[in-house]
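Right, one structure below, let's go through it.
The values are calculated or read from the model by the stated rules, or taken from the named source; none is laboratory data. What you see is a predicted model, and the numbers here were worked out from it, not measured in a lab. Cβ: placed from backbone, ideal geometry, glycine included. Neighbour counts: every protein chain shown. All accessible areas refer to the heavy atoms of the entire protein, side chains included, with ligands and DNA or RNA removed. Shrake-Rupley method; radii C 1.70, N 1.55, O 1.52, S 1.80 Å.
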Amino acid sequence: MDGHQPAGSTANGPWTVDTGMRHTGLRVVELAPGGAQSFGTQEREVIVLPLSGSCSVRCGTRETVLAGRPGVFEGVSDFAYVPRRSNAVISSPGGGRFALASGTARRDLPFRHGPAGAVPVETRGAGSCRRQVNNLASADGFACDRLIVVEVLTPDGNWSSYPPHKHDEHTATESALEEVYYFEIARGGFGTHRLGGSPPGPAGVTAEVRTGDVVLVPDGWHGPSAALPGYPMYYLNVMAGPHAERAWRITDDPAHAWVRETWDGAPAVPAAPSAEGAA
């Protein structure tokens, strides 16, 4: 399994992205105005998230309308939760790009709408490590069985997913979670993302990431993600694992864990990158 999957490398039929691992998955579909796409969830729960544009999602006899956004750098979007063992249809009068984030599930939860106004937004880190996290379906937020979905917006010139960390063991201080990163970079630029090993070994591999790229993290140390000056970075994180407990506990790379302590007491200021020229 390749950790870094460039844009287009996993395209499959209508899906521009169709990838995943044992417990996590991600599909992205681009719909023309008036277009529609059906899908089945099988044994996975799914969050449908507009990346650009708005849509409706129909599941059985129920339907909800998702007020989207022009693009990922321009605000938080509504989303929909689709349960396992369901058949659903996404339709978009105006067209757009839509992500389906999935995770293995063992419980049946109801189909429902997640309003943008109820999404907790936090600033994480400080200084050049400051970034914005949109907690769409965080471990302690919007109810899912095992799936965790968040968005991270990193201002240009800043670093996120830092310090490097891992979550591949089920302990009192760490959760065993696979993770999918889906990237979009403003203004047609690029950023970088580092993949390491667990336990710590070689220096790791640093990938150049562009809009539409995916990085799969089945285990091991990962981060940082770096947004180049002039090019704000967005990524969608999809996490799930084999255990019934839905939690996000991480272990920082001990060589760099001290950096997190320097953020204590730092002022909480807006971290969202400018949408000007974003693409």
Would you calculate a helix-derived [θ] at 222 nm for the chain, using -39,500 (n - 2.57) for each DSSP H run of n ≥ 4 and dividing by the full residue count, to the nearest 500? 0 deg cm²/dmol
Taking only the alpha carbons of the stretch 124-176, what extent do you get along each of the three principal axes, in Å, biggest first? 35, 23, 12
Pulled fully out, how much extra length does the chain show between Thr16 and Arg112, if you take 0.36 nm times their separation in residues and subtract their Cα-Cα distance? 32.0 nm
Can you give the log10 of the normalised intensity I(q)/I(0) at q = 0.10 Å⁻¹, computed with Debye over equal Cα scatterers of the chain? -0.47
With +1 on the Cβ of every Lys and Arg and -1 on the Cβ of every Asp and Glu, the dipole magnitude of the chain about its Cα centre, in debye rounded to the nearest 20, is 600 debye
Evaluate the charge dipole of the stretch 63-151 about its Cα centre and quote only its size in Debye, nearest 20, assuming +1 on the Cβ of each Lys and Arg and -1 on the Cβ of each Asp and Glu. 260 debye
For the chain, what is the accessible area per residue in Å² when the probe is 1.4 Å? 41 Å²
The stretch 29-141 - percent of accessible surface contributed by carbon and sulfur, probe 1.4 Å: 48 percent
Counting just the Cα atoms, what span does the stretch 1-154 cover along each of its three principal axes? Round to the nearest Å and put the largest first. 47, 35, 33
